[in-house]
Amino acid sequence: MLTLGLIINPLAGIGGSVGLKGSDGADIVKEAFFRGAQCKSSERARLSLDVLLAIKDQIKIITCPQLMGENLVAEMGFDYQILDYDELDYDKLSFQGSDSKSLESISSMNTSADDTRKAAQQLLDKKVDIILFAGGDGTARDICSVVADTIPVLGIPAGVKIHSAVYAVTPKAAGEVIAQLARGELIDVKSHDVRDIDEEAFRNNIVRAKLYGEMRVPQAGQFVQSVKQGGVEVEELVLQDIAADIVQGMEDDVLYLIGSGKTTLAVMDELQLENTLLGIDAVLDQQLLKNDVSEADILGYLEQYPCKAVMSVIGGQGHIIGRGNQQLSAKVLKKLGKGNIKVISTKAKISALEGRPFIVDSGDNDLDASFSGTIEVTTGFRDHIIYPVGL
């Protein structure tokens, strides 16, 4: 029987859909809830555990109290054990919704990172076979500070920032890896980087990533992502050509959602408009309507205008949805439609994927499946390719 340690960071990704670029710090969490954000990391974890229901008699889960694991595994009917309440300060994790009492509770949650570290230590002491955790780069960093390379770990992507290479490409993929381990299949384990960025700099369009260590991660085909590629794109002429193609093709009275990243920055530069490097900007008739829009903003625009989205590909990973653009939620994507998404990329970035398909990780498995097949990619001026989208 596989003994699985489970940690859920209930606040991971809370700032993504409301354009806050991260979730670190009580003030940011409180602001996220004031903007209407909802906790989604448990639902991300549920997508992983759904895969394991068919073999749950082969798995014992040791997890954290309340929202950090207990509530979910109990509801799903897994055999589980709870970590020691006395060592963990989980009283503040029992909030629900976003009323004033909840916000007061959230604002005092200044020990959540410490709780994650304590939980990781307890799981290490209990000699679990692997730790599965739902969170972002901050959560990975906290676990790495305790676990390092002592036991295997695997992340369920639930945060705004996913630069580290310790995550499965989607929540469902994380479940597939754990299922293979539970069935006793042979899976390599390799060390991968844990990286995190300065969120305050991130909100000012500066990407400042730092290596915090390595953790051992099970390798299973295309289920685990690569480290995110950073740095300045050197193919400036290609980017200008891509931007010229997009701008020339813009239709009157259509609202364009220009996604995050340096590739889409070229489009905003071509339009001579202010850009939110790590957010989504709304452009109508080649004029800026609003910088750094939220999920709620986009849903409102979809009621007023025909809309299209211009998205780039995350280098090294292949995600087009689900990394740094959570404002394009499943609800948004259902209204927008695959046909209204324009993907742009240099051929060099696509070649670096070595044939791995693009990934859509919206948090809705059925929606993700609807994107499978192929999608057209603008790779230059009047230069397009067809590239596969996988699950």
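What the table below lists for this structure:
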read-out: Residues (closer than 14 Å to residue 308 by Cα and either assigned to a helix (DSSP H, G or I) or aliphatic (A, V, I, L, M) (or both)) located in region 268-288; value: 280, 282, 283, 284
read-out: Conditions (1) in contact (Cβ under 8 Å) with a residue 12 or more places away in the chain; (2) part of a helix (DSSP H, G or I): number failed by residue 256; value: (2)
read-out: Per-region count, region 148-165, residues at pLDDT 90 or above and crowded, with 24+ Cβ neighbours inside 10 Å; value: 4
read-out: Filtered residue count, region 220-240, keeping only those that are at pLDDT 80 or above and either in a strand (DSSP E or B) or surrounded by fewer than 20 Cβ atoms within 10 Å (Cβ to Cβ) (or both); value: 1
read-out: Region 168-213: number of residues that are among the basic types (Lys, Arg), at pLDDT 80 or above and either under 16 Å from residue 323 (Cα atoms) or outside any strand (DSSP E or B) (or both); value: 3
read-out: Cβ-Cβ under 8 Å pairs, at least 6 apart or on other chains, region 181-196 side farther than 20 Å from residue 211 by Cα, far side in a helix (DSSP H, G or I) and among the aliphatic types (A, V, I, L, M); value: 182/52; 182/55; 183/55; 187/177; 187/181
read-out: Lone qualifier among 143, 162, 156 - being in a helix (DSSP H, G or I) and in contact (Cβ under 8 Å) with a residue 60 or more places away in the chain; value: 143
read-out: Number of the condition not met by residue 363 [criteria: (1) closer than 30 Å to residue 42 by Cβ; (2) assigned to a helix (DSSP H, G or I)]; value: (2)
read-out: Of all residues making up region 300-331, the number that are outside any strand (DSSP E or B), among the hydrophobic types (A, V, I, L, M, F, W, C) and crowded, with 22+ Cβ neighbours inside 10 Å; value: 3
read-out: Hey, residue 74 modelled with pLDDT of 60 or more and either among the small types (Gly, Ala, Ser) or in contact with a helix residue (DSSP H, G or I) (Cβ under 8 Å, 6 or more places away or on another chain) (or both) or not; value: yes
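Results for (1) touching a residue at least 40 places away in the same chain (Cβ under 8 Å); (2) surrounded by 17 or more Cβ atoms within 10 Å (Cβ to Cβ), shown as yes or no for each residue.
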| site | (1), (2) |
| --- | --- |
| 348 | yes, no |
| 351 | no, no |
| 361 | yes, yes |
| 369 | no, no |
| 373 | no, no |
| 376 | no, no |
| 379 | yes, yes |
| 385 | no, no |
| 389 | yes, yes |
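The values are calculated or read from the model by the stated rules, or taken from the named source; none is laboratory data. Note that the structure is a prediction, hence the values are computed from the model and not measured. For neighbour counting, all protein chains shown are included, and Cβ atoms are generated from backbone atoms with ideal geometry for every residue, glycine included.
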